[in-house]
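Notes to accompany the following structure.
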Amino acid sequence: MRLTSISIRRPVATLVLMATVVVLGIYGYFRLPTDFLPEITYPMIKVYVYWRGATPEEINDNIADPIERVMSTVDDLDYLESSSIEGLYTLLVNFEYGTDVDVAYQDVVAKMGLAGRKLPPDVDPPIMFKADPSQLPVVQLIIMSDGRDLVKLRTWVENVLQDQFLAVKGVSGTEIVGGLAREIRVHLDAERFTAYDLTLNQVIKRLQEENIERLAGRV
């Protein structure tokens, strides 16, 4: 009531005070810094492990289990989030807020070094990086086809569709997940294999020697 009575007795001072507050509010609004993509630090480390041709069940048993058992002991861990799809294992290591991301990254690298000894020998080296909002994909596409199998579909995406996207102005990169990479399987005849007195290592070495790419110069 006292504030109301003062405002009634001194209307000019009240109007001046209100005008000052409005002007300061408008000034502060336009001076407020804004950023379309502000720098935000998430206490999260992402881990990708590629195992070409492996099924989700194989990845879950041979990659997810050993990695998550080791990673669950990292300091300041909040929770783990993982997924297993055809040929790819993804792990999100979420730390408690306030954790130094650089220290957390080094801890994850050290733990992956321990877990790597238990992984299958033919998996690709793990890819680890800190979470960064600027690295999030702008567009995600699911490609399906009734006329192509998984091998032909992935080959078409890699050799045709990916190049078209990379040619678009402003596109910095693409990533292909899923499908099946083309491979050639060599089935050996056991009887002829023995007759020629060959060993499996000799055949593997010979195939590796024939599968060489060399520069042929310019035409």
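Derivation of every value follows stated rules applied to the coordinates shown; laboratory data play no part. Everything quoted here is computed from the prediction, not taken from an experiment. All Cβ positions, glycine included, derive from the backbone under ideal geometry; neighbour counts span all protein chains shown.
With the simple spin-label model, which puts each label point 7 Å out from Cα in the Cβ direction, the Gln164 to Lys205 separation comes to 4.7 nm. Shown is the FRET efficiency for Val109 and Arg148, computed with R0 = 45 Å from the Cβ-Cβ distance and rounded to the nearest 0.05: 0.70. Its Cα centre serving as origin, the chain has a Cβ charge dipole (Lys and Arg +1, Asp and Glu -1) of approximately 1240 debye.
Annotation: amide H of Ser82 within the under-5 Å range of Leu92, sequence separation 5 or more or interchain, hydrogens built in the peptide plane.
Against the empirical curve 2.2 N^0.38 Å, the C-alpha radius of gyration of the stretch 44-132 lands at a ratio of 1.02.
To the nearest ten degrees, helix 11-31 and the longest principal axis of the Cα atoms of the chain are 20 degrees apart. Given their separation in residues at 0.36 nm each and the Cα-Cα distance between them, Arg52 and Val171 gain 40.2 nm when the chain is fully extended. Relative contact order, whole percent, for the chain stands at 20, derived from Cα pairs under 8 Å and 6 or more residues apart.
Test of understanding: what is the full-extension gain from Glu81 to Asp132, defined as 0.36 nm times their sequence separation minus their Cα-Cα distance? Write out the running numbers ahead of the final one.
Numbers: separation 51, 0.36 × 51 = 18.36 nm, distance 1.67 nm.
Full extension of this stretch gives 16.7 nm more.
Computed packing ranks the peptides 107-114, 142-149 as 107-114, 142-149, most packed first, by mean other Cβ atoms within 10 Å.
Magnitude of the Cβ-charge dipole of the stretch 44-132, K/R +1 and D/E -1, about the Cα centre, nearest 20 debye? Don't skip to the answer; put the middle values down first.
On the way: 7 positive and 17 negative charges, 60 e Å.
My answer is approximately 280 debye.
What's the tally of Lys pairs in the chain whose alpha-carbon atoms lie under 22 angstrom apart, where the two lysines are 8 or more places apart or on different chains?
Details: Lys46/Lys111; Lys46/Lys118; Lys46/Lys130; Lys111/Lys130.
Pairs that pass both the separation and distance tests number 4.
222 nm [θ] for the chain, helices only, -39500 (n - 2.57) per DSSP H run of 4+, per residue, to 500?
Numbers: 9 runs with 84 residues, N = 219.
Mean residue ellipticity, 222 nm, calculated: -11000 deg cm²/dmol.
Suppose R0 equals 25 Å; then what is the FRET efficiency for Thr4 and Ile26 from their Cβ-Cβ distance, rounded to the nearest 0.05? Present the calculation step by step, with values, prior to reporting the outcome.
Values: r = 26 Å, r/R0 = 1.04.
FRET efficiency, Thr4 to Ile26: 0.45.
Suppose R0 equals 41 Å. What FRET efficiency, 1/(1 + (r/R0)^6) with r the Cβ-Cβ distance, do Asn60 and Ala190 give to the nearest 0.05?
According to the calculation, E is roughly 0.75.
Within the chain, the longest run free of GluC sites (Glu not before Pro) that sit in a DSSP loop with at most 12 other Cβ atoms within 10 Å is 97-174. Dividing the convex hull volume of the alpha carbon atoms of the stretch 137-219 by its residue count gives 206 Å³ per residue.
When the Cα positions of Pro126, Val171, Phe30 are compared along the charge dipole of the chain, Phe30 comes out farthest toward the positive end, with charges on each C-beta of Lys, Arg, Asp and Glu.
Look at Thr155, Thr41 and count the other Cβ atoms within 10 Å of each Cβ; fewest to most, that gives Thr41, Thr155. Can you find, among Gln162, Ile63, Val138, the residue farthest towards the positive end of the dipole of the chain? Put +1 on the C-beta of Lys and Arg, -1 on that of Asp and Glu. Towards the positive end, the residue furthest out is Val138.
Most fluctuating residue of Leu150, Leu92, Leu24 in a GNM of the chain with Cα springs under 10 Å: which is it? Checking each option, the largest mean-square fluctuation is seen for Leu24.
Sequence-ordered 3J(HN,Hα) estimates for the stretch 143-159 from the Karplus curve with 6.51, -1.76 and 1.60 and θ = phi - 60° stand at 9, 10, 8, 8, x, 10, 7, 5, 5, 5, 5, 5, 4, 5, 5, 5, 8 Hz, glycine and proline given as x.
Remark: the stretch 77-92, residue by residue, has Karplus-estimated 3J(HN,Hα) of 6, 9, 6, 10, 9, 9, 8, 10, 10, 4, x, 8, 10, 10, 10, 10 Hz, where x stands for each Gly or Pro and the curve is 6.51 cos²θ - 1.76 cosθ + 1.60 at θ = phi - 60°. Using volume of the Cα convex hull per residue in Å³ as the read-out, say which of [x] 114; [y] 158; [z] 310 was calculated from these coordinates. Only one listed value fits the structure, namely [z]. Straightening the chain between Leu198 and Asp122 buys 24.9 nm, computed as 0.36 nm per residue apart minus the Cα-Cα spacing.
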